[in-house]
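This report refers to the structure that appears directly beneath it.
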Amino acid sequence: MSSEHHSGRNWSLLLIFGSMAIAVLAGLFWLASALLSLVNAAEPIAFSIYCMDHIDECPTKGPRSIRYSATLMQLVSKVQTQVNREITPRRETIDVWSADVSSGDCDDYVMTKRRRLIRAGIPATAMRVTVSRRFGEGHVVLILRTDKGEIVLDNLHHTAYLR
């Protein structure tokens, strides 16, 4: 076999395997993107763990949204302001989701607000916990679904707001 034929065969193999590698990488990229969109749409795993320990706070049946009113917004605003004042921000080395704490990170604010709203009569099923990206890090907020839109409770904002 001549060296030209041998060289041509090597290039053909390189093109075939290179094309296969690109196809595999493209498939992996698509799979990673699909998985990330599922993770962003789902509840945070730490919230699910919290619910396993506090099953009474995490019912699965009930209204998915509630009627918006000025009274509701007053209650939500009061809880938002009180909890933001009562909890001292602290970066946790081990992320444990807790409610009714004196210091903590964003998830502790969320769980405390959520618990207080439940105790005030707001159905847990009308609330959801969401993770967003803020300054390159995960940040958790509480969302209350109403017939007028979602009310966002975020420890980085002084007031709750409707979106």
Give region 142-161 a look and list any residue that's surrounded by fewer than 22 Cβ atoms within 10 Å (Cβ to Cβ) and within 17 Å of SER48 (Cβ to Cβ), or say none. ILE143
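What residue, among those in region 126-163 that are among the small types (Gly, Ala, Ser) and within 15 Å of the chain's Cα centre (by Cα), is nearest to TRP97 (Cα to Cα)?
Ranking the candidates gives GLY138 first.
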Give the residues of region 87-128 that are farther than 30 Å from ARG67 by Cα and hydrophobic (A, V, I, L, M, F, W, C), sorted by residue number. ILE94, VAL96
Would you mind telling me which numbered condition in (1) surrounded by fewer than 18 Cβ atoms within 10 Å (Cβ to Cβ); (2) touching a residue at least 60 places away in the same chain (Cβ under 8 Å) GLN80 fails? (1)
For region 98-137, give me the residue count where each residue is at pLDDT 90 or above and not in a strand (DSSP E or B). 26
Based on this model, can you work out whether GLU92 counts as at pLDDT 90 or above, surrounded by 12 or more Cβ atoms within 10 Å (Cβ to Cβ) and not β-branched (Val, Ile, Thr)? no
For ARG67, state whether it is of a type in the set (Lys, Arg) and either at positive phi or at pLDDT 95 or above (or both). yes
Are there any pairs with C-beta distances below 9 angstrom linking a residue in region 98-113 that is farther than 14 Å from ASP154 by Cα to a residue that is aliphatic (A, V, I, L, M), with the two at least 6 apart or on different chains, and if so which? SER98/MET111; ALA99/VAL110; ALA99/MET111; ASP100/MET111; VAL101/ILE87; VAL101/MET111; SER102/ILE87; SER103/ILE87
With respect to ALA124, is the statement that it is surrounded by 12 or more Cβ atoms within 10 Å (Cβ to Cβ) and among the small types (Gly, Ala, Ser) true? yes
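The values are calculated or read from the model by the stated rules, or taken from the named source; none is laboratory data. Nothing here was measured: the structure is a model prediction, and the numbers come from that model. Using ideal geometry, Cβ is built from the backbone for each residue, glycine included, and neighbour counts are taken over all protein chains shown.
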